[in-house]
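Everything on this sheet refers to the single structure shown next.
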Amino acid sequence: YLARVTRVEPSLQAAFVEYGGNRQGFLAFSEIHPDYYRIPVEDRQALTAQSETEDEQEPASEQSEESADDITAANSPEEIGGDDEHDSRSQSSESMMRRYKIQEVITRKQILLVQVVKEERGNKGAALTTYLSLAGRYCVLMPNSNRGGGVSRKITNISDRKRLKSVVGDLDIPNGMAVIVRTAGSKRTKTEIK
């Protein structure tokens, strides 16, 4: 959804946004991609360079294992990545939070592109994120993820995992994007996945 920040809460280090639901959505600071930060250009470039070096320091096999979780059926609530991926995102976000506070980088009436992580329940609004994930038939595209992508953890056949890792490695994925192969893509050819 295209959302507008209605209130920034320094005490919660979160923002409340109007996205078109019945209630305002809750957007935690760790779920805001650095591209949305209103900071000087030099700081943004330094932040980007820092996140790229953190990603390069992690082994490629570890990245694909951490970020490779499966998505359930297309109509049910989707969950991308495992706990490890969320932890690594929150760790890098924590380092950013030490440098910045939400009230310094996010302003009222700012427009953000968000995705619902947890639907509204009772009198609580939806939990949102700016780290998008777009589910396809055989893959999941994460357009603003610095992670390397990988293969679903539910694909346990070692030969399939190796083949799919090489397929993902051969894909021409731009910097700042990641792809995870879903279980539905486990027996598919390179052309079908591409």
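The values are calculated or read from the model by the stated rules, or taken from the named source; none is laboratory data. Everything numeric in this text was worked out from a predicted model, so none of it was measured. Cβ placement follows ideal geometry from the backbone for every residue including glycine, while neighbour counts extend to all protein chains displayed. Calculation scope for accessible area: heavy atoms of the full protein, side chains included, ligands and nucleic acids excluded. Shrake-Rupley method; radii C 1.70, N 1.55, O 1.52, S 1.80 Å.
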Per residue Cα convex hull volume in Å³ - calculated over segment 134-194: 71
Rounded, prolate or oblate (a/c below 1.5 giving rounded, otherwise prolate when a/b exceeds b/c) for segment 96-177 by Cα gyration tensor: prolate
Carbon plus sulfur fraction of accessible area for segment 144-194, probe 1.4 Å, in percent: 50
Computed accessible area, residue 1, all protein chains, 1.4 angstrom probe, square angstrom: 140
Low-density loop cleavage sites - trypsin sites (Lys or Arg not before Pro) in segment 94-143, where at most 16 other Cβ are within 10 Å (DSSP): 101, 108, 109, 137
Compactness relative to 2.2 N^0.38 Å, alpha carbon Rg of segment 120-161: 1.65
27 Å Cα-Cα threshold exceeded, pairs from 162/194; 101/165; 118/190; 154/194; 118/194: 101/165; 118/190; 118/194
